[in-house]
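Each remark here refers to the structure printed beneath this line.
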Amino acid sequence: MTSRILVTGGTGTLGRHVVTRLRGAGCDVRVLSRHSHDATDGIEYVTGDLLKDEGIQPAVDGTGTIVHCAGGRKGDDEATRNLVRAASRAGTQHLVYISVVGADRVPVVSGVDKTMFGYFATKLATERVVADSGLPWTTLRAAQFHDLVLMVVQQMAKLPVIPIPAGVRFQPVDADEVAARLVELALGTPAGLVPDMAGPRVYTVADLLGSYLRARHQRRLMVPVPLPGQAARAVRAGAILAPDRAVGHRTWEDFLAERVLSAA
Ligand SMILES: NC(=O)c1ccc[n+]([C@@H]2O[C@H](COP(=O)([O-])OP(=O)(O)OC[C@H]3O[C@@H](n4cnc5c(N)ncnc54)[C@H](OP(=O)(O)O)[C@@H]3O)[C@@H](O)[C@H]2O)c1
């Protein structure tokens with residue numbers, strides 16, 4: 001088996017950590033990106049677009065394992081279908097996919113469900129593309145990364161009065177800890193759907209936003225807003241949490257202290 005590993009999305013929040021950790025483990029890494037990048041020590045870049053089905057075969061050829069971290073707002077199922085087709089031709093020996101906690105528990109039934117939580121249905125559809133690919137596979141479902149939560153609270157904090165989705169809770173996890181687990185899985189044998197990975201604590205949106213505002217010495221009025229639909233009901237009931245899989249160590253507070261307080 002070749003030791004070169006393809007990381008799709010190797011330029012993203014998660015993928016960058018995966019690439020660093022694979023290099024640390026002594027692997028040669030190839031990254032698929034829509035943009036061109038200069039090669040660096042042990043990291044080769046191939047330009048391609050999974051959604052447009054461009055440049056995928058040269059990215060996949062000559063790699064035994066693919067860690068599939070590329071993702072966008074839409075079309076991950078279609079993009080993954082294109083990846084899987086090329087991987088089958090190349091004889092890929094292990095496809096590792098990152099999904100999201102609750103992919104199978106958030107019902108996306110109505111238009112309103114789709115608008116707010118369509119991401120979960122797409123992740124589930126993509127999981128099925130991977131599982132039905134005929135390739136040996138491993139899928140890990142992770143909770144929201146601290147980076148994503150930070151981006152969301154930063155946007156919310158721009159509003160003078162902030163609508164808070166009532167009853168919605170998150171269990172954010174550190175992207176580098178997820179990367180460490182993905183690398184462990186990628187270097188192991190294909191394992192199918194493995195146990196979820198979530199962070200050490202559960203927070204309401206008000207908790208997450210409140211700690212961010214305090215760290216920035218800001219005050220805002222928060223107004224709870226009930227979200228309509230079946231998907232929102234499931235999320236309020238904890239569909240995107242994994243309290244029995246609180247295996248991440250780094251807390252939101254630790255992340256915030258490093259990212260916000262040290263930047264101040
Ligand atoms: N963020 C979270 O909280 C979270 C939680 C659980 C699971 N996940 C999953 O983890 C994965 C990575 O998330 P992330 O937050 O690290 O994403 P991100 O920072 O937004 O990075 C997205 C990556 O995907 C690549 N990409 C996007 N569209 C592409 C296309 N059409 N063709 C090729 N590459 C494409 C981008 O590469 P270029 O721009 O270089 O082309 C980029 O490296 C996603 O599958 C996401 O659903 C995320």
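The values are calculated or read from the model by the stated rules, or taken from the named source; none is laboratory data. On a predicted model such as this, the values are computed, not experimentally measured, just so you know. Note: ideal-geometry Cβ built from the backbone for every residue, glycine included; neighbour counts use all protein chains shown. We work out accessible area using only protein heavy atoms, side chains counted, and drop any ligands, DNA or RNA first. Shrake-Rupley method; radii C 1.70, N 1.55, O 1.52, S 1.80 Å.
Kindly check whether there is at least one residue in the range 33-43 that is crowded, with 24+ Cβ neighbours inside 10 Å and not polar (S, T, N, Q). Give the steps one after another, and end with the answer.
Taking the range 33-43 first, the residues crowded, with 24+ Cβ neighbours inside 10 Å are none.
No - not one qualifying residue is present in the range 33-43.
Looking across ALA25, ALA59, one residue alone is open to solvent by 40 Å² or more (accessible area, probe 1.4 Å), touching a residue at least 24 places away in the same chain (Cβ under 8 Å) and over 19 Å from the mean Cα position of the chain (by Cα). It is ALA25. Please list, ordered by first then second residue, the pairs with beta carbon atoms under 9 Å, 6 or more apart or interchain, first in the range 247-264 and aliphatic (A, V, I, L, M), second open to solvent by 90 Å² or more (accessible area, probe 1.4 Å). Cβ pairs passing all conditions: VAL260/ARG216; ALA264/ARG216; ALA264/HIS217. One residue alone among ALA86, ALA103 is more than 13 Å from VAL130 (Cβ to Cβ) and open to solvent by less than 10 Å² (accessible area, probe 1.4 Å), and that residue is ALA86.
For the range 131-163, what are the residues that are assigned to a helix (DSSP H, G or I) and within 11 Å of the ligand (Cβ to nearest atom)?
Kept after step one, since they are assigned to a helix (DSSP H, G or I), are these residues of the range 131-163: 131, 146-156.
HIS146, ASP147, LEU148, VAL149, LEU150, MET151, VAL152 - these are the residues of the range 131-163 that are assigned to a helix (DSSP H, G or I) and within 11 Å of the ligand (Cβ to nearest atom).
Report yes if VAL96 is within 13 Å of the ligand (Cβ to nearest atom) and not in a helix (DSSP H, G or I), otherwise no. Considered against the rule, which asks whether it is within 13 Å of the ligand (Cβ to nearest atom) and not in a helix (DSSP H, G or I), VAL96 comes out as yes.
With the requirement that a residue be among the charged types (D, E, K, R) and within 13 Å of the ligand (Cβ to nearest atom), what does the range 99-130 give you?
Applying the first criterion (among the charged types (D, E, K, R)) to the range 99-130 yields 104-105, 113-114, 123, 127-128.
Across the range 99-130, the qualifying residues are LYS123, GLU127.
As an exercise: evaluate SER33 against (1) in contact with a Ser or Thr (Cβ under 9 Å, 6 or more places away or on another chain); (2) more than 6 Å from the ligand (Cβ to nearest atom); (3) modelled with pLDDT of 95 or more; (4) under 18 Å from LEU95 (Cα atoms) and give the number of the one condition it does not meet. Evaluating SER33 over (1) in contact with a Ser or Thr (Cβ under 9 Å, 6 or more places away or on another chain); (2) more than 6 Å from the ligand (Cβ to nearest atom); (3) modelled with pLDDT of 95 or more; (4) under 18 Å from LEU95 (Cα atoms) leaves (2) as the failure.
Which of the residues spanning the range 211-241 are of a type in the set (Gly, Ala, Ser), open to solvent by less than 10 Å² (accessible area, probe 1.4 Å) and touching a strand residue (DSSP E or B) at 6+ places or on another chain (Cβ under 8 Å)? Correct list: ALA232 only.
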